[in-house]
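S.K.: Following this message is one structure expressed as structure tokens.
The values are calculated or read from the model by the stated rules, or taken from the named source; none is laboratory data. If you're wondering where the values come from, they're calculated on a predicted model, not measured in any experiment. Cβ coordinates were reconstructed from backbone atoms using ideal geometry, including for glycine residues, and neighbour counts include every protein chain displayed. Heavy atoms of the whole protein, side chains included, go into the accessibility calculation; ligands, DNA and RNA do not. Shrake-Rupley method; radii C 1.70, N 1.55, O 1.52, S 1.80 Å.
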Amino acid sequence: MKQELSPLDRNLMGRFTIGDALVRTARRYPERTAFVFRDAQLTFRELNERASRFANAMAGLGVSKGDRVALISHNCLQYLICLFGLSKMGVVFTPLNFMLKAEEIRFIINHSETKVFIVEDSLVDEVKPIVGEMPSVKHYSYIKLTGKPAPDKWLDIDELYSEKYPETEPEVEIDQNDPFALMYTSGTEAAPKGVLLSHLNYYSAIMSLTYDFEMGKHDTVSLMAIPAYHVAGMDSMLSSVINGNKTIMMYAPDLLGMLEIIQKERVSGIALPPTVWGGLLQWPDIKKYDFSSLEGCISFGGFTPQPVMEQWAKLAPNVKFRNYYGLTEITSLGTTLQPEDVMRKTESIGKPCTNVALRIVDDEDKDVKVGEVGEIVARSPGVMLGYYEEEEKTREAFRSGWLHTGDLARMDEEGYFYFVDRKKDMVKSGAENVSSQEVEGVLYRHPKLAEAAVIGLPHPYWMEAVTAVVVPKKGVEVTEEEIIQHCKSQLAGYKVPKKVLFLDELPKNPSGKILKRELREEHKESYKE
């Protein structure tokens, strides 16, 4: 008699889903430490069991395959349990940046039609005022990290993966092309866009990390200081699970904490934006720390100055630095600059990753000549499914059969890519994308401003600083502090202008368009020390 296979067995036979990845690793290395957070840790067996319990608890709340469940939290072990539990159900995981304000949160929850919203207790006060304005949400849960009392009618997340729920695998058949995550990115538009990514998209990214970044070593100890909501943070977590590596999680980036953990835990791998690599070098007595364990280090999110690389090469004699370029729409990874090229091609973002095809094209989607600037377009198993509920924008992004990134670059004779600029004035501050149009929308709501433009200017720490150039209304006085406080009340901190420049008028072309190119050139030295 032919035996019928369960959905789990069918998944494990040949499909690649994120929940199944944890099942495989838990079977191979059940007692190996998977993640450490503060004084707690989880083995791969414990993580898998708790994720299954959480999945069964969610099913009991009426959550099913295809639903969206949102989470806003700093890094913690509960984050992992939610992520993998939801992946076992075919639920679309929707992470939010914990720096978002109520208005931004409300938009994302309503746009994604979230069914359950999970909130860290320290962030509940930001969410509570808009609870009644999120009609799609049927349930709320909270992650207790600070010891605050539970809000009324909210569920304690710890209860939802307790032993009162079965640890059996959910009987849900999931395809590798099913949606896994819905990542919201401001990009270059005024409103955030939901990037829909599949299980296969993330598997593709992890294969690049394993091969191009040599992250397949089982004795790797990674330090995860970047936020889990970021696509690079997601890649890091999933890579650790698929490869069976140990990861130390930090609640939030903390320079002193990083230095102490690297030394104490003998960390071998870490990924950080250039601002943090440079910031660590400024720490007093940095030379007293032992960095001999560092081997594979990644810099992402911008250009890393050569002096920073040179200083780290002296501090960590065994380190191999890699730089990379990517974006959420291609599940983070696009190019890699390998260790042997870091000092030889100091301004390059490297060559395409193993499973990525990239071209540089003109406005007619024809390849530009070597050395000429054009737009980066991509093909890869990591390319997104599309923008959620945005058919026209998806169609435009995929014109000519390639994903159009909106990023400008050039390529040299050896095939190395060099990032030039953002096609639509997106500002990249630290490792975060900031929409100039979104910030301008807030500035234009200030009653004392007549005009406003937002540009990115070179900055010694942030690499590119969000800068407001404004024209006050005639006869009205307004201060820089007043404008910045106005922005802080409506925007996440990383979107708030670092400086406000006052002009009598903004430069424009004959059609009335503001010439941001002239503003960048005129004020390019505003942050020089």
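S.K.: So what is the relative contact order of the stretch 52-112, in percent, for Cα pairs below 8 Å that sit 6 or more residues apart?
M.R.: With pairs under 8 Å counted, the relative contact order is 40 percent.
S.K.: List the chymotrypsin sites (Phe, Trp or Tyr not before Pro) within the stretch 424-489 that fall in a DSSP loop (any state other than H, G, I, E or B) and whose Cβ has at most 13 other Cβ atoms within 10 Å.
M.R.: Sparse-neighbourhood loop chymotrypsin sites (Phe, Trp or Tyr not before Pro): Tyr444.
S.K.: Now, a different point. Per-residue ellipticity at 222 nm for the chain, helices alone: DSSP H runs ≥ 4 residues times -39500 (n - 2.57), over residue total, nearest 500 deg cm²/dmol?
M.R.: Mean residue ellipticity, 222 nm, calculated: -8500 deg cm²/dmol.
S.K.: Magnitude of the Cβ-charge dipole of the stretch 159-301, K/R +1 and D/E -1, about the Cα centre, nearest 20 debye?
M.R.: That gives the stretch 159-301 a dipole magnitude of about 660 debye.
S.K.: How big is the charge dipole of the stretch 295-359 about its Cα centre, in debye rounded to the nearest 20, if each Lys and Arg gets +1 on its Cβ and each Asp and Glu gets -1 on its Cβ?
M.R.: 100 debye
S.K.: Hey, another quick one. Order Ser299, Ser292 by their accessible area, 1.4 angstrom probe, all chains in place, largest first.
M.R.: Ser292, Ser299
S.K.: Structure shown: which of Lys474/Lys508; Lys369/Lys428; Lys264/Lys488; Lys366/Lys393; Lys474/Lys495; Lys193/Lys264 lie over 30 Å apart, alpha-carbon to alpha-carbon?
M.R.: In this structure, Lys264/Lys488; Lys193/Lys264 lie more than 30 Å apart at Cα.
S.K.: Rounded to the nearest 5, what % of DSSP beta bridges with both residues in the chain are antiparallel?
M.R.: Of all bridge pairs located within the chain, approximately 55 percent are antiparallel.
S.K.: Got a number for the accessible area of Ile109? Probe 1.4 Å, square angstrom, nearest 10.
M.R.: 0 Å²
S.K.: Can you work out the accessible area per residue across the stretch 97-226, with the rest of the protein chains kept in place, probe 1.4 Å, in square angstrom?
M.R.: Each residue of the stretch 97-226 exposes 42 Å² on average to a 1.4 Å probe.
S.K.: Scan the stretch 285-368 for trypsin sites (Lys or Arg not before Pro) in coil per DSSP, keeping those whose Cβ has at most 14 other Cβ atoms within 10 Å, and list them by number.
M.R.: Arg344, Lys366
S.K.: Any idea of Leu327's accessible area? Nearest 10 Å², probe 1.4 Å.
M.R.: 20 Å²
S.K.: OK, next. Cys82 accessible area, nearest 10 Å², 1.4 Å probe?
M.R.: 0 Å²
S.K.: Rank Met343, Met258 by accessible area, highest first, at a 1.4 Å probe radius?
M.R.: Met343, Met258
S.K.: Give the angle, between 0 and 90 degrees and rounded to the nearest 10, that separates the Cα long axis of helix 199-212 from the longest principal axis of the Cα atoms of the chain.
M.R.: It works out to around 80 degrees.
S.K.: Please work out the ratio of the alpha-carbon Rg of the chain to 2.2 N^0.38 Å and round it to two decimals.
M.R.: 0.98
S.K.: Also, quick follow-up: Helix 44-60 sits at what angle to the longest principal axis of the chain, using alpha carbons and giving 0 to 90 degrees rounded to 10?
M.R.: 90 degrees
S.K.: Sequence gap at least 6, Cα distance under 8 Å: using those rules, report the relative contact order of the chain to the nearest whole percent.
M.R.: For the chain, the relative contact order is 12 percent.
S.K.: Which whole-number percent is the relative contact order of the stretch 76-143 (Cα, under 8 Å, 6+ apart)?
M.R.: 34 percent
S.K.: For the stretch 415-517, report the translational diffusion coefficient in µm²/s to the nearest whole number, using Stokes-Einstein at 25 °C, 0.890 mPa s, and a Kirkwood Rh over Cα pairs.
M.R.: It comes out at roughly 171 µm²/s.
S.K.: Using the Cα centre of the chain as the reference point, and only Cβ charges (+1 on K/R, -1 on D/E), how large is the resulting charge dipole? Debye, rounded to the nearest 20.
M.R.: 480 debye
S.K.: Next up: Of the accessible area of the chain, with the probe set at 1.4 angstrom, what percent is carbon plus sulfur?
M.R.: With neighbouring chains kept in place, the figure for the chain is 50 percent.
S.K.: Provide Glu163, Glu464 ordered by accessible surface of protein heavy atoms (probe 1.4 Å), highest first.
M.R.: From most exposed to least exposed: Glu163, Glu464.
S.K.: Then there's this: Would you list which lysines come within 16 Å of Lys138, measuring only between C-alpha atoms, while excluding same-chain residues fewer than 8 positions from it?
M.R.: Partners within reach: Lys65, Lys115, Lys128, Lys153.
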